[in-house]
Amino acid sequence: MRLPSLHDVDFAWPDGTPVFSGLRLHVPPGRSGLVGVNGSGKSTLLRLLAGDLAPTGGHLADAPPEEVGHLPQTLVLRESEPVERYLGIARIRAALLRIEAGSVDEADYATVGEEWDVEARTLTQLRRLGLPDGVLDRTLGQLSGGEVTQLAVARLLLRRPRLLLLDEPTNNLDSAARERLRDVVAGWRGTLLVVSHDPGLLECVDRIGDLRDGRVRWYGGGYRSYREQVETEQAAAEQAVTSARADVRRQRHDLVEAQRVLGRRRRYGTKMESSLREPRIVMRTRRRQAEESAATYTRTHEERLASARERLDGAEQRVREDREIRVELPGTRVSRGQLVVTTDRLVLRTGQPVDLRVSGPERVAVTGPNGSGKTTLLHTLVGTAAPASGRLSVHVPVGLLPQRLTVLDELATVFANVRRAAPSADDNEIRAALARFLFRGRAADRVVTTLSGGERFRATLAAILLADPAPRLLLLDEPTNSLDLASRSALTAALASYRGALLVASHDPDFLDAVGIEREVRMTRPTPGG
């Protein structure tokens, strides 16, 4: 198989926003991970390799489309589409059913072709990823976010591609589903490139590429090995910066001292010349020689200082400065004991009964396997999903960060989206707030469709938290999806200082511990027919 490669590739979005300039990359055989800060272009790179995007410059040697399987970070789905059609087996299943019922129509046999075991193979892949057999008879809209991701992976595996490109495949997956996906990656025998911030998944690869400043650098081994190598490099880089700064100070001091000595010599020469102790022609010769010597002396020290500054610049460039979002949550304090959410015999549309009572400033985790109704509960609380029966009351302003980041106007800018959420806010206040979410200057005027997954998360979070009125009940659905480690740390710190009530649906126990969860609401899958 011809593996894809990029040769001096340039890429910019239609609005002129540059992503890559002169990027070179050859996808190595075997299993590879790709990491980088949010906005570095990881998803864009995968889309270029998959042929979904065309470079604006340079040359892309891509693989045959039929040999490439690509799982994008954001899945564009039609909720009414049957699962069997999404998997590409609907026509074959229908023909098999007709043949089993006695059909002798040649068209049915032609439709089946060599795929007599297609349903068995499909069920094997679904079970391998933890999906129930009955999912084949459902629509996409009846699946949870995690189940949709599992289904999309199953769809790729059924195609048997030789090159697999996965973009944040563990997003929305519970712990059991993550383990199954790690087994898939660890057992992959073709070529695989996975973009992920999941350390456990990245332990399953042979090497990790770090996309930084438009370049990819490869490190051998899994995530722990990668971190150790980076930490060693950074320790050396920081030591080099310390040494280079000391050298700059030393050279600056030497230059000042040289200028002081030369100044003293000039004053002495002027004094001697004014005394007329020697013939003028001799004095002029000595003065010219002294000036030439002084110029050479000064130039030598200036060159040494310039060289020291260059070494300092080079050393500083080797030190990583991963920018972190600085989320300053608005004053949304809820007094202790104040009712925030109450329910009365509430049953979700999934058939799941829920008894929920939250008072401020409680921190409640909503946990449970994929398909148990966690997302449905949050959407019911915010009013975007109607309950099957019963009542609920939300007593304070509420904001929802959804699992599928669909709350933004795709064709509007980041600034315009926040302006819509806070129409009475001052423009300068909005731009200052967006800068804390790393949308500085012109970045705030980028159209949402050009944003990476992590950038879209930051923009969505900004629109929710900067809304007027600000939420005093914050609902978060898998909030650490798509976040790089620096942004995840910043979000954790921000939520730890939040003074409103917090309801978090997450499969990430470390994150739940970090934000100070006080109790848990455990969701279970409804019993069929129950």
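Things worth noting here:
- All positions within the range 362-395 that are over 28 Å from the mean Cα position of the chain (by Cα) and polar (S, T, N, Q): Ser389, Ser393
- Residues in the range 226-278 that are at pLDDT below 85 and touching a strand residue (DSSP E or B) at 6+ places or on another chain (Cβ under 8 Å): there are none.
Residue-by-condition table, conditions (1) over 23 Å from Arg309 (Cβ atoms); (2) in contact (Cβ under 8 Å) with a residue 12 or more places away in the chain; (3) under 19 Å from the mean Cα position of the chain (by Cα):
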{"site": "Leu202", "(1), (2), (3)": "yes, yes, yes"}
{"site": "Ile208", "(1), (2), (3)": "yes, yes, yes"}
{"site": "Arg212", "(1), (2), (3)": "yes, yes, yes"}
{"site": "Val216", "(1), (2), (3)": "yes, yes, yes"}
{"site": "Tyr219", "(1), (2), (3)": "yes, yes, no"}
{"site": "Gln234", "(1), (2), (3)": "no, yes, no"}
{"site": "Arg249", "(1), (2), (3)": "no, no, no"}
{"site": "Glu257", "(1), (2), (3)": "no, no, no"}
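- Qualifying positions in the range 25-65 - over 13 Å from Leu3 (Cβ atoms) and free of Cβ contacts under 8 Å to residues at least 40 places away in the same chain: Arg47, Gly51, Asp52, Ala54, Pro65
- The range 1-15, subset under 22 Å from the mean Cα position of the chain (by Cα) and in a loop (DSSP other than H, G, I, E, B), residue nearest to Glu168 (Cα to Cα): Trp13
- Residue satisfying condition, being at pLDDT 85 or above and not aromatic (Phe, Trp, Tyr), within set Ala514, Ala494, Ala486, Ala467: Ala467
- For the range 162-201, filtering for residues that are closer than 12 Å to Thr149 by Cβ and in a strand (DSSP E or B) leaves 2.
- Per the conditions (1) at pLDDT below 80; (2) in the same structural domain as Leu474 (by TED's automatic domain parsing), the sole criterion not satisfied by Leu346 is (1).
- Selection over the range 425-458 of residues that are of a type in the set (Gly, Ala, Ser), surrounded by 16 or more Cβ atoms within 10 Å (Cβ to Cβ) and under 18 Å from Ala493 (Cα atoms) gives a count of 2.
- Ser393, sole failed condition from (1) over 20 Å from Tyr498 (Cβ atoms); (2) surrounded by 16 or more Cβ atoms within 10 Å (Cβ to Cβ): (2)
- Meets criteria (of a type in the set (A, V, I, L, M, F, W, C) and at pLDDT 90 or above) for Leu87: yes
- Residues being under 29 Å from Glu362 (Cβ atoms) and either part of a helix (DSSP H, G or I) or in contact with a Lys or Arg (Cβ under 9 Å, 6 or more places away or on another chain) (or both) - total across the range 404-424: 4
- Residue match in the range 369-381 (condition: in the same structural domain as His507 (by TED's automatic domain parsing), closer than 30 Å to Pro18 by Cα, of a type in the set (S, T, N, Q) and at pLDDT 90 or above): no
- Tyr86 satisfies every condition listed in (1) touching a helix residue (DSSP H, G or I) at 6+ places or on another chain (Cβ under 8 Å); (2) closer than 30 Å to Phe437 by Cα except (2).
- Within the range 435-450, no residue satisfies the criterion of being farther than 23 Å from Ser43 by Cα and at pLDDT 90 or above.
The values are calculated or read from the model by the stated rules, or taken from the named source; none is laboratory data. Because the structure is a prediction, the values reported are computed rather than measured. Note: ideal-geometry Cβ built from the backbone for every residue, glycine included; neighbour counts use all protein chains shown.
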